[in-house]
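Derivation of every value follows stated rules applied to the coordinates shown; laboratory data play no part. Worth saying up front: this structure is predicted, and the values here are computed from it rather than measured.
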């Protein structure tokens, strides 16, 4: 009896064009969110590599040592101080990129939360939205 009522309730809800657009927008935003999170992880690993390089350079005792620094496909030798400055600038730029990506992630999560609330309000437990992967 309960299964019949649940099935009847599921059949009473019609999916409108607007509902389908919300579902599509939700799916697109979930996909973009996953891409952005992956990109943040890659950039955080790059930032850690830069921090490790800075630490290694600080341990160097020889100030006259020329340190190779990769720019594109080539390596250019710089003094320890120049290399340290370049690494600090690269770390700063990378941190700004990470902050911008994290801001975009937050805005997408806000949109997803709103869409999820709207869709669950209409469809209840008849719709499954996988957005709880924080």
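Here are some notes:
- Helix 17-58 and the longest principal axis of the Cα set of the chain meet at an angle near 20°.
- Options (1) 11.8; (2) 11.2; (3) 9.6 - which one matches mean projected area of the Cα convex hull in nm² as calculated here: (1)
- In plain terms, if you count all Cα to Cα distances in the stretch 61-134 and split them into 5 Å steps from zero, the share in each step is 3, 13, 13, 13, 9, 7, 7, 7, 7, 7, 6, 4, 3, 1 percent.
- Average 1/r across all pairs of distinct alpha carbons in the stretch 11-54, invert it, and you get the Kirkwood radius: 13.2 Å.
- Helical runs assigned H by DSSP (4 residues or longer) give the chain a calculated mean residue ellipticity at 222 nm of -26500 deg cm²/dmol, each run adding -39500 (n - 2.57) before division by the residue total.
- Principal-axis tilt of helix 80-123 within the chain, Cα atoms, nearest 10 degrees: 0
- Value of relative contact order over the stretch 29-126, rounded to a whole percent, pairs C-alpha under 8 Å and six or more apart: 34
- Degrees separating the helix 2-12 axis from the principal Cα axis of the chain, which is the longest one: 80
- Once the chain from residue 82 to residue 128 is taken as fully extended at 0.36 nm per residue, the excess over their C-alpha distance is 11.1 nm.
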